[in-house]
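Taken together, the values in this text are just the output of simple stated rules run on the coordinates, not laboratory data. These figures come from a predicted structure and were not determined experimentally. Positions of Cβ are generated from backbone atoms using ideal geometry, with glycine treated the same way; all protein chains shown enter the neighbour counts.
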Amino acid sequence: MYTIKEAAARTGLTIPVLRAWERRYGVVAPTRTPGGYRVYDEAAIGRLRAMHRLIDDGWTASAAAAAVVAGTVEAEPAVPPAGGPPRGGDVAVVDRLVEAAATLDSNRIESALDDMFASGSYERVVDDHVVPALRGLGDAWATGRLSVAGEHMASNAIQRRLAAAFQASGPGPAAVPPVLVGMPPGARHELGGLIFATAARRAGLPVVYLGADLPLDDWVAAVERTKARAVVIGAIMNADGAAARSVAVGLRAVDPDLVIAFGGAAAPNPAADRSTAAAGRTLRLPEDPTEGVAALRAALEAASAR
């Protein structure tokens, strides 16, 4: 079994492409470890390599995926990457965090986070460790392996690390109106918003992070006071989606030109909701933070050109 990094190395694809092919075409359906990591077997690697070869031969991605899924092309064997056999350390450190949370061992939680945040750039740490860890903590709580206290202990420890990364990323250009990032009223699961806010800052966007459970009146006041050019409203739980939509409706009434972006698992779909849309200025961000930042930047550039 291979982690997503190992699968990328064996297929010659990037990690975002692997996720996109899974999401858009269903060419593979990787399983997940208790810590939330995607893992790929030999058959999945073979299908990915076959699709890669077909695209190199001139096929469209959709046609190549359909052929691979239908089994009309032969899968190709995985090719080991340079540098020796695969390592399982990334999976291990996430599982270590979940196990530490289950036993309420704060020292082991901090040790696991030390290893995670020392492993590379912010983007790599989030991609390889933080997001799988949050998923693993949620799954462990849902199945009864983890108490509420353990989930809160680990999540708060992660939040402290993310907050430090946000501060270290700098405020961005002061002369440019900011992007506001926060959660709608009643929404308290804010780590995804903080992850995105930090990624956006690191990409050079001026970001003001407003945090969780922000009432509509405060959203409106923040937009007016900062003269924000965009807001990102997070929605993780089902109830957050309706609350995010209400915030968007209120903000759109105040500022028709504002770029409004939704993010998170329960984010509303602007294409299906005319009450929040305005001349292409409303969007739902991709799940991947880097892709989400790129989508927001494109929306800002398009709005400035109008």
* Asked: Which value, in debye to the nearest 20, gives the size of the charge dipole of region 2-70 about its Cα centre, when Lys and Arg are +1 and Asp and Glu are -1 at the Cβ?
  -> 220 debye
* Determine the percent antiparallel among the DSSP beta bridges restricted to the chain, to the nearest 5. => 20 percent
* For region 4-56 and region 144-217, compute the distance between their C-alpha centroids and round to whole Å. => 29 Å
* Amide H to amide H under 5 Å from residue 266: which residues, 5+ apart in sequence or cross-chain, H placed 1.01 Å off N in plane? -> 235, 236
* Asked: Build a GNM of the chain with springs between Cα atoms under 10 Å: which of 260, 15, 233 gets the top mean-square fluctuation?
  -> 15
* Asked: Which residue, chosen from 118, 94, 33, occupies the Cα position most advanced towards the positive end of the dipole of the chain, where the dipole is computed from +1 (Lys, Arg) and -1 (Asp, Glu) charges on Cβ about the Cα centre?
  -> 118
* Asked: Hey, got the dipole for the chain? About the Cα centre, +1 on K and R Cβ, -1 on D and E Cβ, debye to the nearest 20?
  -> 540 debye
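Got a sec? How would 60, 282 order by Cβ neighbour count within 10 Å, fewest to most?
60, 282
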* Residues with amide H under 5 Å of residue 284's amide H, sequence separation 5 or more or different chain, H placed in the peptide plane at 1.01 Å from N; which? -> 262
* Asked: Among 154, 200, 29, which one moves the most in a GNM of the chain with springs linking Cα atoms closer than 10 Å?
  -> 29
* Asked: If you plug each phi of region 160-174 into the Karplus form 6.51 cos²θ - 1.76 cosθ + 1.60 with θ = phi - 60°, what whole-Hz ³J(HN,Hα) values come out, in order, with x for Gly and Pro?
  -> 4, 5, 5, 4, 5, 5, 4, 5, 5, 7, x, x, x, x, 6
